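Visitor: Handing you this structure, nothing more for now.
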Amino acid sequence: MGSRTPPEPPDSDGAQTRVVLTPEEHARYTRLSRAAAVRHRRARYAGASVLLLVALLLSPLAVVAAWVDDTVTDTDRYVQTVAPLASEPAVQKAVTDRLTDRVVDNLDVEAVTASLSKALANAGAPPVVVRRSEDLAGPLRAAATSAVHGVVDRVITSDAFQQAWVGANRRAHAAVTNMLTGEKSTALRAEGNTVTLDLGTVVDEVKQRLVDHGFEKAAAIPAPDRQITLFETDKLSQAQAGLRLLDVVGAWLPVLTVLLAALAVWAAPAHRLMLLITATGVGVMMVALLVALAVLRRVYLDSVPPSALPPDAAAVVYDTFVRFLRDSTRTLLVVAVITALAAYLYGPGRVARGLRTLAGRGTGAVGHALGNAGARTGATGRWLDTHRPWTTGVVIAGGVLALILWNRPTVGAVALVTGLVVVVLALLAVLAAASGRTVAAAAGEPGRAGP
């Protein structure tokens with residue numbers, strides 16, 4: 001075997017000297033170089049794994065933190081969250097029943113029947129009539145309940161109630177801050193182990209309507225009965241502490257999580273494989289977050305006594321408050337699935353290669369047909385064919401940028417952007433296949449289009 005002479009740095013006079021290695025020395029040099037490369041790759045995989053693990057653990061917290069921050073700081077977003085509660089039948093029924101009961105409780109029906117019996121006795125009515133008049137308390141109470149319920153129901157189901165509800169919540173946007181800090185606010189209060197929703201001006205309007213219909217007792221509805229219990233648990237203080245922390249980190253935790261995931265993909269020797277693993281991990285964490293929301297829903301429903309809020313109304317309240325969080329989680333799950341699928345399709349797997357071949361044949365056939373029909377793309381098509389990796393990257397980057405700039409993208413928005421990216425990539429592939437060179441080569445006549 002000939003000797004090996006790897007180059008050495010130039011000496012002091014500028015001339016480069018060469019050192020001759022024996023076969024044994026060269027074999028040892030090669031072995032040490034490979035061992036160093038293996039250690040380097042292992043170190044990169046270890047660092048990327050640590051970054052990925054931290055990013056995955058932070059991803060559910062980042063989603064919740066972003067939701068809390070968005071809900072706290074954006075008044076329109078908060079109003080958009082709570083506005084549907086005013087039109088939910090379960091909530092309307094709970095409010096109507098609560099107000100009806102309080103108004104009827106302030107009616108002294110027994111005093112009315114006693115006065116009637118006394119008046120009949122003084123008028124000389126037969127004793128049996130006087131005794132029967134005392135039995136009118138039940139029917140009178142039922143009639144009053146029915147009348148009051150009808151008036152309250154008309155108010156609660158009217159557009160005026162929904163407008164008053166939205167206006168009150170817009171003025172009391174600090175309610176969410178109260179949930180995070182435990183401080184009092186005008187709409188939502190957290191005291192002790194109970195979170196209550198204050199109906200505020202809505203109750204005032206109902207009271208005025210009842211007074212206008214002749215129920216003067218409605219004006220005596222006490223202040224505590226203007227509230228509806230939303231949550232009751234001995235873990236409220238711990239929950240507030242956690243939400244306060246999420247509110248503090250809500251602005252930067254999502255950015256940190258994305259940076260850690262990006263660094264994990266960049267640090268790994270196999271970028272595509274790490275991207276596939278990262279997207280799969282994020283998808284699993286989003287599924288875990290959806291499961292956690294379902295579990296918390298059951299815990300919440302069990303924590304609210306039926307006497308404070310009916311189960312169906314409690315379920316509507318929970319679903320309404322977390323629906324944007326649930327939608328965001330589902331959107332990220334879809335993004336993770338699409339990213340993992342794209343990373344797999346660009347890999348060396350048999351299925352991936354088969355799909356790429358099938359797609360290439362399809363776009364190639366369409367491009368050749370266009371070229372044969374005279375719609376050649378010429379130099380533009382040849383440039384697209386030569387720079388296909390770059391154009392593909394630009395199109396994908398454009399889709400990612402569109403989702404980043406999209407104001408709160410939904411699953412539908414992700415599907416739309418993904419579909420547009422696929423369509424544009426297919427169109428570029430067709431244009432590349434329709435170049436004159438490609439068509440001529442396919443026809444076996446260089447420089448000429450096929451017949």
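Visitor: Please tell me if A340 is in contact with a helix residue (DSSP H, G or I) (Cβ under 7 Å, 6 or more places away or on another chain) and modelled with pLDDT of 85 or more.
Guide: Judged against the criteria, A340 is a match.
Visitor: Do we have any residue at all in the range 325-336 that's of a type outside the set (S, T, Y) and free of Cβ contacts under 8 Å to residues at least 24 places away in the same chain?
Guide: Scanning the range 325-336, I find no residue that is of a type outside the set (S, T, Y) and free of Cβ contacts under 8 Å to residues at least 24 places away in the same chain, so the answer is no.
Visitor: Evaluate the following for E8: is it modelled with pLDDT under 75 and acidic (D, E)?
Guide: It is true that E8 is modelled with pLDDT under 75 and acidic (D, E).
Visitor: Evaluate the following for N407: is it within 32 Å of the chain's Cα centre (by Cα), at pLDDT below 85 and among the polar types (S, T, N, Q)?
Guide: yes
Visitor: Looking at G2, is it at positive phi and modelled with pLDDT under 80?
Guide: Criteria not met by G2.
Visitor: Also: Within the range 355-406, track down each residue that is out of contact with any Gly (no Cβ under 9 Å at 6 or more places or on another chain), under 11 Å from A433 (Cβ atoms) and surrounded by 14 or more Cβ atoms within 10 Å (Cβ to Cβ).
Guide: Listed by number, the residues that qualify are G362, T363, G364, V366, A369, L370, L384, D385, R388.
Visitor: Kindly indicate whether any position in the range 75-86 is touching a Pro at 6+ places or on another chain (Cβ under 7 Å), on the phi < 0 side of the Ramachandran plot and of a type in the set (G, A, S).
Guide: No, there is no match, as no residue in the range 75-86 is touching a Pro at 6+ places or on another chain (Cβ under 7 Å), on the phi < 0 side of the Ramachandran plot and of a type in the set (G, A, S).
Visitor: Could you list, in sequence order, all residues of the range 338-386 that are part of a loop (DSSP other than H, G, I, E, B) and on the phi > 0 side of the Ramachandran plot?
Guide: Selection gives G374 alone.
The values are calculated or read from the model by the stated rules, or taken from the named source; none is laboratory data. Not measured: the values here are computed from a predicted model. In this analysis, Cβ positions are derived from the backbone assuming ideal geometry, glycine residues included, and neighbour counts consider all displayed protein chains.
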